Structures are given as C-alpha cells and as structure tokens.
Amino acid sequence: MGTSRLLSQIPDSYFGKTMGRKVEHGPLPLVNMAVGIPDGETPKVIVDEFINAIQKPENQKYGAFHGKSTFKQAIVDFYKRHYDVELDPEDEVCILYGTKNGLVSLPTCVVEPDENVLLPDPGYTDYLAGVLLARANPYPLELKPEHHYLPKWDEVNQDVLKNTTLIYLTYPNNPTGSVATTSFFDETIQRFKDTSTQIVHDFAYSAFGFDEKNPSILQSKDAKETAIEIYSLSKGYNMSGYRVGFAVGNKEMIAALKKYQTHTHAGMFGALQDASTLALNECDDFLNEQNEIFKERRTKFEAALNEVNIPFEPMKGGIFLWLKVPPKFDGESFVEYLLKEQSILVAPGIPFGENGKYHVRISLALDDEQLYEGAKRLQSLADLY
C-alpha cells in the first residue's frame, strides 16, 4: 500500500511545506515578509456574532447542504451593492469552505481528462493541483510586465487555446500586485462567450485596490454565460482562520461545484455562516479601512525602495510586492541570502511559475515597525543591484 500514482504526480504544496516550519536565520531578529494573510484582528462585531451563533441550538446540528438562505441573500446583496451585479441566490451562488477548496476542485467538476487549462504565470501556486487531479493538461498563461501582467489573447498558442476548457485569472494578482481593468474583462468575456472555454476569476484580494476600486468580472456584459468569480472573506475581513468564501456566476459551473460538495462536505457550520452574513451586511467600512492601511504601507515601502533605486513591479492592489532579485541571484538563492545576511524571510518567485524565477514576493502584512525594519534592511542591499 502507498500513495496513488495520481497523487504522486502532484508536487507538494509550497505553502503546505513552509507554513509553520522553524526558520533558520542570521543574527538579527527575524522579519517575516512571507506571510500571505493580513495581520489585523477580525472585527469585534464579527467575533461577537460568531460567539452568539455557536450557542444557538440550530447551529449545533446538520444544516442545509448548500447553506442558509440568510447567508446566500447577504452574498447577493453584497454583489448588488458593491458591483451592481444581480445574482440568483439558489442558482448562481455556491458557498465554499475556503476559496482554495473551490479553486482546486473546479477542474474535476467542469474539465474532461486531457483537455487544456490555462494557469496564470505568475499566479497562485495551488491551481496546478486541481488541474492534475482532474487529469487535465496545465499550460502557462504568460503574464508580462510590459502588458501590466494582463494576458494578450492573440499571443496565446491558438492550438492550445482550441482545446482549452478552463482559464484561471486572478486580480489583484498574487504575487505581482497587478490589477485588471474593466476593459480587459469586457474583451475577455466577448472573446470566449460563444466558445467552450470557461473562466474562473480568483477575486481573493478584491478589497485591496489602491488607484481605483477593483472591478468584478461579472460586471462585464454576458459574463455569466462563461465565467464564475470566487470571493474570499479571509483577506478583506481578517477572517483567514474561518475558511469562508463563495463562488458566484455561471449557473452550470455553480451547479457542478454544488453537486461535488454534496459528496465532499455536509454543509458549512451554521455559526460560520451567521458571522459571515454579518460581515457582508454590516462591515463595508472595515473593507475601506483595510484598503487604506495597505495603500499607505504600499506607498511608504515603494518610496523606500525607490530611494535607493531597487527595482520592483508597481503595486496596484493586493498585499504583495513583486521584487526583482539582484544580478547573479535567482529567487531561491536570494531568499537564502536574505535569511542569512538580513534575517528577512520572503517567498521565492518560482512556485508562482517560471516567470517568477528571478523575483521574490514580499508581503506587506506586517505592523509598521516590522515593515520599516524590513525596508531599512533591504535598502542596505542596494549595492547588489
């Protein structure tokens, strides 16, 4: 007995291997700039609602497999209020125990073996596992700085595109901090709406848009014909430990996800749904506060790098900065150098795709003192560039 051949073909999750491990570093106090979740506390009003909801007898038993009507209505109202998008709570909403579950299980639900799936490069690391579990073929969707990390559909191999069933997009992009425009989403939907190609937009960092509000792909005309969007409560509401998200959009993909979940989950804990309902209904101001916090951090951190001419990709959204490594380094060797010489932990770019080989990802999810200290130590390395 042992690991199946299918599972053996799937690489270990980078963050599954690294989160919580003991870090060996140099003599300075460690500054951890690799963490991928906002550093603040969950708003007290959400925590209080969760505590109260745990004590309700109806939340101590099995609930409806596809969620409470109150939570689904809160999702519908949230999308109408923030994006002017109309959703059907029964046919166009799927509640997820964490968005990663939806993103990884989606190919099994909607892709046949040997069909192609395009994955952003650079992009979130764990999309690949879902494609391989579905026995489909992953292909990189090249994202280049000269195009602001937006794909150019005419530059994608057309033979690959003909057999592509699913395309992953993620904006604000993890790890580059780039954002999408409404015109890009409009063009993308019109390009694929009458084809067999479906689109999933990972909207995990939706709350963080520094020059303007991040658009939803579902705002584009005809979007629900071919696209779903996956939204996370983890980042905007500081609720990463709660593991709550949802998918919205195309009815067929939503139905497939819901069917899959009836065999893998017995419904989300009712108290989690109640706390999340309150978050969506009553905490819009907190989302704005989160955005302002990270916008200010972005502005100060970029200014520190600019002061000593260290190159990086301009950060338009999200919580990460994409830093080019000095000559004679690749991302992995620079990670080791930073740990040994500066006691700074960052993430190498290569887990996010081949286009990340000469970059590292820096998280701004630290308090001001730690962020300032990290910036100061990086400034001391300017001569390496």
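The values are calculated or read from the model by the stated rules, or taken from the named source; none is laboratory data. Everything numeric in this text was worked out from a predicted model, so none of it was measured. Using ideal geometry, Cβ is built from the backbone for each residue, glycine included, and neighbour counts are taken over all protein chains shown. For the accessible areas, the whole protein counts, side chains as well, though only heavy atoms, and no ligand, DNA or RNA atoms are used. Shrake-Rupley method; radii C 1.70, N 1.55, O 1.52, S 1.80 Å.
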Within the range 316-327, tally of residues that are within 15 Å of the chain's Cα centre (by Cα) and among the aliphatic types (A, V, I, L, M): 2
Show the residue pairs that are 6+ apart or on different chains and have beta-carbon atoms under 8 Å apart, the first residue being within the range 162-174 and in a loop (DSSP other than H, G, I, E, B), the second being surrounded by fewer than 24 Cβ atoms within 10 Å (Cβ to Cβ) and at pLDDT below 95. Asn174/Gly36; Asn174/Tyr124
Within the range 308-341, count every residue that is crowded, with 19+ Cβ neighbours inside 10 Å and in a helix (DSSP H, G or I). 4
For the range 285-307, how many residues meet the condition of being out of contact with any Pro (no Cβ under 6 Å at 6 or more places or on another chain), open to solvent by less than 80 Å² (accessible area, probe 1.4 Å) and within 29 Å of Ile46 (Cα to Cα)? 8
From the option list Val160, Val179, single residue qualifying as modelled with pLDDT under 95, of a type in the set (A, V, I, L, M) and either open to solvent by less than 70 Å² (accessible area, probe 1.4 Å) or within 17 Å of the chain's Cα centre (by Cα) (or both) is Val160
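Quick grid of which residues meet (1) under 26 Å from Lys80 (Cβ atoms); (2) assigned to a helix (DSSP H, G or I):
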| residue | (1), (2) |
| --- | --- |
| Met253 | yes, yes |
| Met268 | yes, no |
| Glu296 | no, yes |
| Lys300 | no, yes |
| Ala303 | no, yes |
| Asn306 | no, yes |
Within the range 223-264, of all residues that are open to solvent by 10 Å² or more (accessible area, probe 1.4 Å) and among the aromatic types (Phe, Trp, Tyr), the one nearest to Ile319 (Cα to Cα) is Tyr242
Out of the helices (runs of 4 or more DSSP H) lying entirely within the range 1-120, which hold 1 or more residues that are of a type in the set (S, T, N, Q) and open to solvent by less than 70 Å² (accessible area, probe 1.4 Å)? 14-18, 99-110
Number of the condition not met by Phe210 [criteria: (1) over 15 Å from Asn291 (Cβ atoms); (2) touching a helix residue (DSSP H, G or I) at 6+ places or on another chain (Cβ under 6 Å); (3) surrounded by fewer than 24 Cβ atoms within 10 Å (Cβ to Cβ)]: (1)
Collect the residues in the range 214-239 that are outside any loop (DSSP other than H, G, I, E, B) and either closer than 11 Å to Ala204 by Cα or without any contact (Cβ under 8 Å) to a residue 12 or more places away in the chain (or both), keeping them in residue-number order. Glu229, Ile230, Tyr231, Ser232
Which condition breaks for Arg243 when tested against (1) in contact (Cβ under 8 Å) with a residue 60 or more places away in the chain; (2) basic (Lys, Arg); (3) within 19 Å of Lys80 (Cβ to Cβ)? (3)
Among the residues that make up the range 190-200, is at least one of them under 14 Å from the mean Cα position of the chain (by Cα) and crowded, with 22+ Cβ neighbours inside 10 Å? yes
